[in-house]
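The values are calculated or read from the model by the stated rules, or taken from the named source; none is laboratory data. Quick caveat: nothing in here was measured; it's all calculated off a predicted structure. For neighbour counting, all protein chains shown are included, and Cβ atoms are generated from backbone atoms with ideal geometry for every residue, glycine included. Protein only, heavy atoms only, side chains kept; ligands, DNA and RNA dropped before computing areas. Shrake-Rupley method; radii C 1.70, N 1.55, O 1.52, S 1.80 Å.
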Amino acid sequence: MNGYVVSEKIKSECPGVTWKESFATMGRFDVVDIVESDDPKQVEKAAMIIRDYGHSTTETLGATPWKEFLEML
């Protein structure tokens, strides 16, 4: 499946996931996608769709915006 089909599948099956940005990288990863969701399960499902239909390896890293992180301290 091409990237468009994977993207459409994520949009239809993971409505709580907002795709923010994608970056091509030179290093350990070829691509880094930044997504946002209030529901970690939605992100997990999107990662599984990418793995299954995109024939890719994924690694999911939860993140907190720096300002919010500092406010929690």
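Helix 40-53 versus the longest principal axis of the chain: what is the Cα-based angle in degrees, 0 to 90, to the nearest 10?
Approximately 30 degrees, to the nearest 10.
Hey, what do the phi angles of region 56-73 turn into as Karplus ³J(HN,Hα) couplings, whole Hz, using 6.51/-1.76/1.60 and θ = phi - 60°, x for Gly and Pro?
10, 9, 10, 9, 9, 10, x, 9, 10, x, 3, 4, 5, 4, 5, 5, 6, 6
Please determine, in degrees from 0 to 90 and to the nearest 10, the orientation of helix 3-13 with respect to the longest principal axis defined by the Cα atoms of the chain, where the helix direction is its Cα long axis.
Here the helix axis deviates by roughly 60 degrees.
On average, how much accessible surface per residue is there in region 1-56, in Å², for a 1.4 Å probe, leaving out ligands, DNA and RNA?
76
Using alpha-carbon pairs under 8 Å, 6+ residues apart, how would you state the relative contact order of region 1-71 in percent?
Relative contact order of region 1-71: 29 percent.
Where is the GNM fluctuation largest for the chain (alpha-carbon springs, 10 angstrom cutoff): Val35, Val17, Val43?
Val35
Per DSSP H run of n ≥ 4, the term is -39500 (n - 2.57); total these for the chain, divide by its residue number, and report the mean residue ellipticity at 222 nm rounded to 500 deg cm²/dmol.
So the helix-based figure for the chain works out to -13000 deg cm²/dmol.
Evaluate E = 1/(1 + (r/R0)^6) for Ala24 and Thr60, where r is the Cβ-Cβ distance and R0 equals 22 Å; express this FRET efficiency to the nearest 0.05.
After rounding, the FRET efficiency stands at 0.70.
Sequence gap of 8 or more, or different chains, plus Cα separation below 24 Å: how many lysine pairs satisfy both in the chain?
Lysine pairs satisfying the spacing and distance rule in the chain number 9.
Leu73 versus Asp38, label points 7 Å from Cα toward the beta carbon: distance in nm?
Here the answer is 2.8 nm between the modelled labels.
Would you pull out the residues with amide H under 5 Å of Val35's amide H, same chain only if 5 or more places away, H placed 1.01 Å from N?
The list, which skips near neighbours in sequence, is Lys20.
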